[in-house]
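> Dropping a structure here in structure tokens format, bear with me for questions.
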């Protein structure tokens, strides 16, 4: 007798992915919690990093000492630098003060009438394409016309009427529009050097500073702030006197920029912040120069190296006297050539053709 076939386990088709049982509600709940936890961690981390960035930015803003009237009252100014070029007037002041006069620790004004002159004066030009830059030193004893005060040494402009007159005098001399200023006194210079961990400088020949009884042995020196201050201020014992002093200042600045513009520094946000932190703490800048702009300028130089920076000095014919004063006579014709080259981002070409503008002596 034939019976109807029955279905048993051996005849059921094998299960496949399409027929797999759905995940249990508990398993879906667990997976959702894990994803939410990961998302929360990401949000917390983003907020933490944003908070750190905000804190660092506020720290930089809070510690910058600013000059409010650096460009006040200036008229008939030169045209701005071409493209994204930037001109910065660097001033080192010689005020003898028991208190800091520049930077975050300043307890005394950066400028008081007749209290200090600019012991060093340099124009830093950053090329529009950020592939080059130049630093031109102007001898502090250069005999120039100071607007409203007649002829005098260029370092007297700061003493007569502060940063704005120094800017106006330099603009009139160079026909370059100054975009920003940075001022440091000797205390700030010393502390800035220490904050950056010291600077490695090569002294080419052994020389003795008779004024401070300091002998500099030929070779490489890792200078802390105090040593750096002695180095850049020396003029006694150097064949070129003040001119060799300028060479030393440029030599130190070249080493400092080589250290801070290294790929290792600018590729690291932490190290780049460290540089900005040190700079903003010890320099006084114009009120128009925001910390964001300073950070942007530094980061835009990430491909620039010390070898891309041309160092020179405003051309001069020699020295002379004006009354009881020893002065430097500038070469106005060659000066126009140099400043025109700076304006057109051709300073390196000019230096290669004309030299550094200083006598070849000990630095």
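> Among the residues that make up region 197-206, is at least one of them closer than 24 Å to residue 254 by Cα, crowded, with 22+ Cβ neighbours inside 10 Å and out of contact with any helix residue (DSSP H, G or I) (no Cβ under 6 Å at 6 or more places or on another chain)?
There is no residue in region 197-206 that is closer than 24 Å to residue 254 by Cα, crowded, with 22+ Cβ neighbours inside 10 Å and out of contact with any helix residue (DSSP H, G or I) (no Cβ under 6 Å at 6 or more places or on another chain).
> Taking the criterion of being surrounded by fewer than 22 Cβ atoms within 10 Å (Cβ to Cβ) and not in a helix (DSSP H, G or I), would at least one residue in region 225-233 satisfy it?
Within region 225-233, none of the residues are surrounded by fewer than 22 Cβ atoms within 10 Å (Cβ to Cβ) and not in a helix (DSSP H, G or I).
> Of everything in region 83-106 that's modelled with pLDDT of 90 or more and touching a helix residue (DSSP H, G or I) at 6+ places or on another chain (Cβ under 7 Å), which residue is farthest from residue 167 (Cα to Cα)? Don't jump to the end; show me each part of the working.
From region 83-106, those modelled with pLDDT of 90 or more are 83-91; that's our starting set.
From the residues that got through so far, the ones that are touching a helix residue (DSSP H, G or I) at 6+ places or on another chain (Cβ under 7 Å) too are 86, 89, 91.
On the way: 86: 14, 89: 7, 91: 10 Å.
The extreme case among them is 86.
> Restricting to region 241-262, and then to whatever is surrounded by fewer than 17 Cβ atoms within 10 Å (Cβ to Cβ) and farther than 16 Å from residue 192 by Cα, can you tell me which residue is modelled with the lowest pLDDT?
Step one: list which residues in region 241-262 are surrounded by fewer than 17 Cβ atoms within 10 Å (Cβ to Cβ), which gives 241-242, 258, 262.
Now narrow it down to the ones that are farther than 16 Å from residue 192 by Cα: 241-242, 262.
Working: 241: 88, 242: 89, 262: 79.
Within region 241-262, the match that is modelled with the lowest pLDDT is 262.
> Take residue 205 and decide whether it is assigned to a loop (DSSP other than H, G, I, E, B), farther than 19 Å from residue 79 by Cβ and in contact (Cβ under 8 Å) with a residue 12 or more places away in the chain.
Working: assigned to a loop (DSSP other than H, G, I, E, B): yes; farther than 19 Å from residue 79 by Cβ: yes; in contact (Cβ under 8 Å) with a residue 12 or more places away in the chain: yes.
When the stated conditions are applied, residue 205 passes them.
The rows are residues; the columns are (1) more than 24 Å from residue 92 (Cα to Cα); (2) under 12 Å from the mean Cα position of the chain (by Cα); (3) surrounded by 14 or more Cβ atoms within 10 Å (Cβ to Cβ); (4) at pLDDT 80 or above.
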residue: 264; (1), (2), (3), (4): yes, no, no, no
residue: 268; (1), (2), (3), (4): yes, no, no, no
residue: 275; (1), (2), (3), (4): no, yes, yes, yes
residue: 283; (1), (2), (3), (4): no, yes, yes, yes
residue: 288; (1), (2), (3), (4): no, no, yes, yes
residue: 295; (1), (2), (3), (4): no, yes, yes, yes
residue: 301; (1), (2), (3), (4): no, yes, yes, yes
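> Being in a loop (DSSP other than H, G, I, E, B) and on the phi < 0 side of the Ramachandran plot is the filter here, so list the residues in region 208-224 that pass it. Outline the logic, then answer.
Initially, region 208-224 is screened for residues in a loop (DSSP other than H, G, I, E, B), giving 210-213, 217-218, 224.
The answer is 210, 211, 212, 217, 218, 224.
> For the condition within 26 Å of residue 64 (Cα to Cα), assigned to a helix (DSSP H, G or I) and free of Cβ contacts under 8 Å to residues at least 40 places away in the same chain, what is the one hit in 194, 187? Explain how you work it out, then say what you get.
Working: 187 fails: free of Cβ contacts under 8 Å to residues at least 40 places away in the same chain.
194 is the lone residue from the list that is within 26 Å of residue 64 (Cα to Cα), assigned to a helix (DSSP H, G or I) and free of Cβ contacts under 8 Å to residues at least 40 places away in the same chain.
> In addition: Determine which member of the set 336, 321 is surrounded by fewer than 17 Cβ atoms within 10 Å (Cβ to Cβ) and in contact with a strand residue (DSSP E or B) (Cβ under 9 Å, 6 or more places away or on another chain).
Working: 336 fails: in contact with a strand residue (DSSP E or B) (Cβ under 9 Å, 6 or more places away or on another chain).
Result: 321 is the single residue among 336, 321 that is surrounded by fewer than 17 Cβ atoms within 10 Å (Cβ to Cβ) and in contact with a strand residue (DSSP E or B) (Cβ under 9 Å, 6 or more places away or on another chain).
> Among the numbered conditions (1) out of contact with any helix residue (DSSP H, G or I) (no Cβ under 8 Å at 6 or more places or on another chain); (2) part of a helix (DSSP H, G or I), tell me where residue 236 comes up short.
Among (1) out of contact with any helix residue (DSSP H, G or I) (no Cβ under 8 Å at 6 or more places or on another chain); (2) part of a helix (DSSP H, G or I), residue 236 violates only (2).
The values are calculated or read from the model by the stated rules, or taken from the named source; none is laboratory data. Computed from a predicted model, the values in this text were never measured in an experiment. Neighbour counts are summed over all protein chains in view; Cβ atoms, including those assigned to glycine, are modelled from backbone coordinates with ideal geometry.
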